[in-house]
Amino acid sequence: PDGHVTRYGLEWLVKNSYEGQKKQVMQPRILWNADIYRQAQVPAVDCRSFLETDEGLKEFLQNFLLYGIAFVDNVTPTKEDTQILAERVSLIRETIYGRMWYFTSDFSRGDTAYTKLALDRHTDTTYFQEPCGIQVFHCLKHEGTGGRTLLVDGFHAAEQVLRGAPEHFQLLTKVPLKHEYVENMGDCHNHMIGVGPVLNVYPWNNELYLIRYNNYDRAVINTVPYDVVHRWYAAHRTLTTELRRPENELWVKLKPGKALFIDNWRVLHGREAFTGYRQLCGCYLTRDDVLNTARLLGLQA
C-alpha cells in the first residue's frame with residue numbers, strides 16, 4: 001500500500017527457481033576411498049594456526065566439509081587443551097556421556113567402546129533422535145600395541161549402492177529403523193531410542209545428508225510390513241558390502257598431539273583391538289555451530 005516495489009535480479013531468480021534447487025548441492029564434498037584420500041595429501045592444520053588465525057581455521061573447516069574428517073597437529077595432550085580446540089569451532093554438546101569424555105578401558109560401563117576389543121565401522125549415537133553431528137578424538141597416551149582408528153566414507157559407499165542398485169538405495173532412505181541403548185551399570189541408567197532410516201536425503205534433490213549405521217545398536221525391525229523386511233535386509237547387505245571393502249578403509253594411528261574431527265553424519269569409525277594402557281579424550285560438537293563458523297568464514301556449508 002505504500003507503493004514499495006521489490007526487484008529481483010535474473011541471476012537470483014535462476015538460482016532460486018524450483019528447477020535450480022534440484023540441481024544445486026547444499027554442501028560440496030569430495031567422496032573418497034583410502035587411495036583417493038591419501039593421494040589428495042590433505043594437510044593437517046597446526047594447532048597455533050587453528051587457534052590464532054582465521055586462515056588456519058578456514059583451511060581446517062574446508063578440509064572437514066570436503067572430506068568429513070580433519071586433523072589438527074601439535075595439540076598439547078591434555079583434556080583441557082582438547083576442549084579449547086573443540087570450542088574454537090563450536091559449542092560442545094553435552095550428552096549422557098558428559099561434556100568432555102575421558103576414558104581408558106573401563107569394564108564398569110556396559111558399552112563395547114570402553115573395552116580393548118576391536119570395534120566394527122559405525123556412526124555414534126544412532127539411538128538419539130538427532131545423532132551427534134561431529135566427534136572429536138584425541139589419544140593422550142598409549143603404552144601398548146594395536147588400537148589403530150578405522151575411517152570409512154559412508155557417503156562414498158552409499159553412492160556406489162545408488163549407482164549399482166538404486167532400488168536398494170531408495171529402500172534404505174524410506175524404511176524407518178529403530179536403534180536402542182539400554183544401560184544399567186553402577187550409577188549409569190539410560191534407555192535411549194532413536195528412529196530414522198539408514199540413509200537420509202533431502203527430498204527435493206535426493207542429496208544424502210546423514211547416514212545412521214550401527215549394527216551394535218540396531219533394534220528389532222518392527223516398523224514396516226513383513227514383506228518389506230526381507231527386501232530391506234538385502235539392501236542393507238548391499239550397503240554393508242560396500243562399507244567393508246578393504247579399499248574403502250582408511251587406517252590411522254592416533255598419537256598424542258594429533259586431534260581428529262569426524263563428521264558423524266557421514267564418516268563411520270571403528271578401531272582394531274589393542275593391548276596396554278590407552279587413554280583417550282574427546283567430545284561431541286553441535287553441528288549447527290560448526291556450519292555457522294564455516295559460513296561466517298565464507299565457506300559453503
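The values are calculated or read from the model by the stated rules, or taken from the named source; none is laboratory data. In this text the structure is predicted, and so the values were computed from the model without any measurement. Note that each Cβ is placed from the backbone with ideal geometry, even for glycine, and that neighbours are counted across all protein chains shown. Just the protein is used for accessible areas: all its heavy atoms, side chains included, with ligands, DNA and RNA removed. Shrake-Rupley method; radii C 1.70, N 1.55, O 1.52, S 1.80 Å.
Brief remarks on what is shown
- Using only the C-alpha atoms, the convex hull of segment 11-81 corresponds to 154 Å³ per residue.
- Those lysines that a straight Cα-Cα span of less than 18 Å connects to LYS116, excepting residues fewer than 8 apart in one chain: LYS141, LYS253, LYS255
- Scattering curve values for segment 115-190, log₁₀ I(q)/I(0), Debye with Cα scatterers, q = 0.11, 0.21 Å⁻¹: -0.49, -1.24
- Counting only Cβ charges, +1 for Lys and Arg and -1 for Asp and Glu, the dipole size of segment 53-93 around its Cα centre is about 200 debye.
- Of the residues HIS189, LEU210, GLN170, the one whose Cα sits farthest towards the positive end of the charge dipole of segment 150-211 is GLN170 (charges of +1 on Lys and Arg Cβ, -1 on Asp and Glu Cβ, taken about the Cα centre).
- In segment 1-45, the inverse of the mean reciprocal separation of distinct Cα atoms equals 14.9 Å; this is its Kirkwood hydrodynamic radius.
- Surface/4 estimate of mean projected area, convex hull on alpha-carbon atoms of segment 148-301, nm²: 12.6 nm²
- Basic side chains Lys and Arg get +1 at the Cβ, acidic Asp and Glu get -1 at the Cβ, and with that the dipole of segment 10-297 about its Cα centre reaches some 480 debye.
- Note on LYS23: lysines with a C-alpha under 25 Å away, same-chain residues under 8 apart excluded, are LYS15, LYS174.
- When the charge dipole of the chain is built from unit charges on Cβ atoms (+1 for Lys and Arg, -1 for Asp and Glu) and taken about the Cα centre, the candidate among THR145, LEU239, GLY282 whose Cα reaches farthest toward its positive end is LEU239.
- Cα-Cα P(r), segment 1-134, percent of pairs per 10 Å interval: 8, 24, 31, 21, 10, 5, 2, 0
- Averaged per residue, the chain has 50 square angstrom of accessible surface, using a 1.4 angstrom probe with ligands and nucleic acids left out.
- Think of each Lys and Arg Cβ as +1 and each Asp and Glu Cβ as -1; about the Cα centre, that makes the dipole of segment 164-301 roughly 320 debye.
- Value at 222 nm in deg cm²/dmol, rounded to 500, when DSSP H runs of n ≥ 4 in the chain each add -39,500 (n - 2.57): -9000 deg cm²/dmol
- Once you reduce segment 28-93 and segment 126-162 to the center of their Cα atoms, the two points are 15 Å from each other.
- Straight-line cross-link reach from LYS58 at under 21 Å between alpha-carbon atoms covers these lysines, not counting any fewer than eight positions away in the same chain: LYS258.
- Normalised contact order of the chain, rounded percent, pairs of Cα under 8 Å and 6 or more residues apart: 33 percent
- The orientation-averaged projection of the convex hull spanning the C-alpha atoms of segment 221-292 amounts to 8.4 square nanometres.
- Cα lying deepest toward the dipole's positive end in the chain, options ALA157, LEU51, LEU260, charges on Cβ: ALA157
- Net charge, LEU243 excluded, C-beta distance under 10 Å - Lys, Arg +1, Asp, Glu -1: -1
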